[in-house]
Every structure is written in structure tokens, then in C-alpha cells.
Amino acid sequence: MKVVDLLPLIKYKKQNGEMGNMFTVAVCDNTTACIAKVYDAEKITSMIVDEVLIMENFYIRDGELAITVRSKVFRTGETITVPDDVMENAKSLLGQKGNADSPSKIIEAATSPKKTVVSVKGVVYKHLPSDTVDIPSDEDDSSDEDKTPTGVIIGIADLKRYRCCVNDRCYKRKLKDDRCSSCGVFYKNQSSGEAFIAQLLLKCTESATIKTYTVFTQQLEQLTTATNVSLKSKSLETDIAKKFPITVKYQSLNEKLTKIAVQK
Ligand SMILES: [Zn+2]
């Protein structure tokens, strides 16, 4: 799904009466365009015009895509060619701030049972029916620690950088108010460590299934070292996305990647 254009953040009233920030974005694939309402202000940094995204766990509401804090927006480094008329249509939809009556083939594709899981340039990866917020639990929870399957990393989301404890026994615990809650050490700015967490979208080569995995500092170090990306980069998520697809051998446990080895 390609980001065509977006409107600035606006305030809206939540169901519980509190105020929140949301923004509206026009997206398209290579045949059609639609409007997405994003009820999570943090995601504005992932919605970069002309980038191709894969979205997971979103809703269809009033003929538009509704993206919440529970949704994942993966950046892919993919490119798709969009015909001029589709681009113009997307921009005009945004001008109307989303016309609920606009027919959208993207939404039809998303609501068709056969196409609820589509990868990469199919763009719509997974969605939930609008009456539930549970993440589908049809994935195999059993440990596959023994196997080292091959897969392809195709998306990244929610990359976060945080200060951590450098004590080995604390496993890079996140500092709270400059203090490690595990060992109690108080850190000044320059002496703390730096740790990372992110979500990766990985397509298993053998089964062709696509899953979301959490990765931590060690795996991101391996990924960036093997692809010549600097962990210190201020645009780290973008830099990594540009390297996709990245083929890896991997081990996983409970939706986390425990080991990855980048394949040349
Ligand atoms: Zn500690």
C-alpha cells in the first residue's frame, strides 16, 4: 500500500470522552485508492509519502481503513508503480477528507475471505473484523527452537531505541528515571547502554506464511552489521527497510526471533 499524501494531526474525541490525536492518509495500490484514518499519532513517522507499507490488524469502518494503536504499520522498502489516474483519485479522496460512499477495491480485497492474508505488493496483509480487537490466534505457539528455517524479512515496524543497564545480568533492562530497576544502579547520561526493540515481518520460505516477530538489540546488531547499516543512524528504520528483502536463517520462540543469520 503506497502512501500518497496525508493531512496534519487533528484532535478528536474518543469514545470515553478523552481527546486524542488522529490523522488521515490517502493510500493506494497499483489499481485503486482509499482513505485510512489513523487513530495513533505515533504512526505519523511511519507514514512517509511514496513509501510502500504493509498493514496488519486494521479495521474496515464506514468504507475506510481504520488504523489504531493495535495496528501494525510495516515499512518495506518495496516500490510499486501507480498509474497517474489512481494517484489523482487518491489525492482527490483526501481533498474530500474521505468520502464514505467511494467504492474501494482495496477494501473489497481486504474483506474478501480469500485475500485476508496477502503479502508484499498485494499489500493488505491481515485485518480483523470490526467487532473484535483480539489478534487472531491461528498461529502455532509451539517452540521451534530446534529448527533453523530460512525466511525473508520484508517489513519493519515500531523500532524503538532506549537507554539500558550495561550490567550483563540485567539483559539490557530499560532505565526508568536513570535507574535500573533490576540492579538499582543509577546512570548518568554517558554511562548507560543503548538497546533496541522492533517488529519484523518475516516470510517463511518453506511454508510461505508471514508472521510478525519481535527482535531485540542482539538480532538488530546482526541484521545491521550484515547489511552495512549503522545502528547509530537517526533514520535507522528507513535504512533497514531499504535493504529488504533480507534472507535469513532464523530461530524463534514465542513470537520472538532468538537468532538470525543473514544469508548472502
Ligand atoms: Zn541493571
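No lab work stands behind these numbers, since they all come straight from the coordinates. If you're wondering where the values come from, they're calculated on a predicted model, not measured in any experiment.
What list of ³J(HN,Hα) couplings, whole Hz, do you get for the stretch 51-65 from phi and the Karplus terms 6.51, -1.76, 1.60, once you set θ to phi - 60° and write x for glycine and proline?
Here the 3J(HN,Hα) series is 7, 9, 10, 10, 10, 9, 6, 10, 10, 9, 9, 6, x, 10, 7 Hz.
What pairs from Lys172/Lys256; Lys211/Lys249; Lys72/Lys249 go past 19 Å between their alpha carbons?
Beyond 19 Å between Cα atoms: Lys72/Lys249.
Using only the alpha carbons of the stretch 141-234, what is the convex hull's orientation-averaged projected area in square nanometres?
For the stretch 141-234, averaging the hull's shadow over all directions gives 7.9 nm².
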